[in-house]
1. If I filter the stretch 38-52 for residues that are in a loop (DSSP other than H, G, I, E, B), surrounded by 24 or more Cβ atoms within 10 Å (Cβ to Cβ), small (Gly, Ala, Ser) and touching a residue at least 40 places away in the same chain (Cβ under 8 Å), do I get at least one hit?
2. What is the one condition in (1) part of a loop (DSSP other than H, G, I, E, B); (2) surrounded by 19 or more Cβ atoms within 10 Å (Cβ to Cβ); (3) at pLDDT below 90; (4) not aliphatic (A, V, I, L, M) that residue 34 does not satisfy?
3. So, residue 155, is that one under 30 Å from residue 293 (Cα atoms), out of contact with any Ser or Thr (no Cβ under 7 Å at 6 or more places or on another chain) and part of a helix (DSSP H, G or I) or not?
4. In the stretch 161-179, how many are closer than 20 Å to residue 6 by Cα and crowded, with 21+ Cβ neighbours inside 10 Å?
5. Take residue 13 and decide whether it is on the phi < 0 side of the Ramachandran plot and part of a strand (DSSP E or B).
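The values are calculated or read from the model by the stated rules, or taken from the named source; none is laboratory data. On a predicted model such as this, the values are computed, not experimentally measured, just so you know. All Cβ positions, even for glycine, are placed from backbone atoms using ideal geometry, and neighbour counts span all protein chains on display.
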Amino acid sequence: MANALDPGKLRGMQRVTSSDGFFLICALDHLSDFAELLAPDPATVSFGDVVAAKDAVIRAVAPSVSAVLLDPLYGLGHLVATGAVPGNVGLMSSIEDEDYTFPEGARMTRFRKHWSARRIKMSGADVCKLLWFYRPDLDSEVAEHQRTILRQLAEDCTALSLPLVVEPIWYPVNGENPKSEDWKAARVRGIIASAVEANSVGIDMLKVEFPGYLDTPAGRELAARACQELDASVDVPWVILSAGVTYEEFRAQLQIACEAGASGYLAGRSIWRDAITQHAPVARANAIAEARGRLDELNEVTRKYGRPFCAVKPLNEVLVELPAEWYRDWHANGQGPAVSASLQRAPRNSPPSAAIRESREVAR
């Protein structure tokens, strides 16, 4: 029996979505760059210092988010065990082992050693996240490698009923000028094309770079059009990442993206960077409180302009897709359902659907 409905993936998506259908997610899966923010000399920052700083941030912002994104090295197990991530907040885990340095040429995704989709599922995380570098214009063999590892991970996650979020990244290489108009235009096209490529392999959600620039009125208009094109080109929910821009710029980006059909944000440094760079305890505590205020503002923007995502289905459809004893052949021979969960994106700017409203008591 080929199930079109995967209860495991449904549950995972419910766990990271707000009760009214939005992704309000704080990313704190940062590695070397996080230690660099903690002290003028990163060599003085211990493993425990990094974990403690992440614990403090997540503990403070948890009441304002639907989920958090953590890494296994500095946070995933620790912040669940300390209670910084409460049981009513969803949990995403990154699977890659990356930093913010750029090689000379085409870049391959590097998975963390001794970490896998299976171990992410075992850790209690609700969703797996992949940082996916994709510049098919640079090297055809590297591009095919990137497509292959994405397809394999999507298959692995489906076999585990683990939702997969993909974060395509269009990056500069030596000899390119990221400030030139030609490069900026190529980047916008690349962001959309890589989202379409990732969408085609059976993933569950997209975390995308903002496809545009807001430094001029014309740039804002082009960015809005690019967001609309992206939304029309994919059939999974999508959110935007912050990429370390200023908070004010990210808030403006989020509104434009949500007006085009985005369902929220999955953002990090633009929210909490100011808190981490404060080294005096009182100043850091105040900045962490400000980070939560920023999240509350982003939540207002998302709910006002964004498109809700419904991580539940009507009972009549469920009865068709999960008939009596549906579980007998589910994941037979270690394989996942033949088709991923087909969930629903509401029309733009629509109020929460009846299914969302009815699920508020049971989804979280």
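1. No, the stretch 38-52 contains no residue that is in a loop (DSSP other than H, G, I, E, B), surrounded by 24 or more Cβ atoms within 10 Å (Cβ to Cβ), small (Gly, Ala, Ser) and touching a residue at least 40 places away in the same chain (Cβ under 8 Å).
2. (1)
3. When the stated conditions are applied, residue 155 does not pass them.
4. 5
5. Against the criterion (on the phi < 0 side of the Ramachandran plot and part of a strand (DSSP E or B)), residue 13 does not qualify.
Residue by residue, here is whether (1) in contact with an Asp or Glu (Cβ under 6 Å, 6 or more places away or on another chain); (2) in contact (Cβ under 8 Å) with a residue 60 or more places away in the chain; (3) polar (S, T, N, Q); (4) farther than 22 Å from residue 26 by Cβ holds:
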position: 222; (1), (2), (3), (4): no, no, no, yes
position: 234; (1), (2), (3), (4): no, no, no, yes
position: 239; (1), (2), (3), (4): no, yes, no, no
position: 245; (1), (2), (3), (4): no, no, no, no
position: 293; (1), (2), (3), (4): no, no, no, no
position: 304; (1), (2), (3), (4): no, no, no, no
position: 309; (1), (2), (3), (4): no, yes, no, no
position: 315; (1), (2), (3), (4): no, no, no, yes
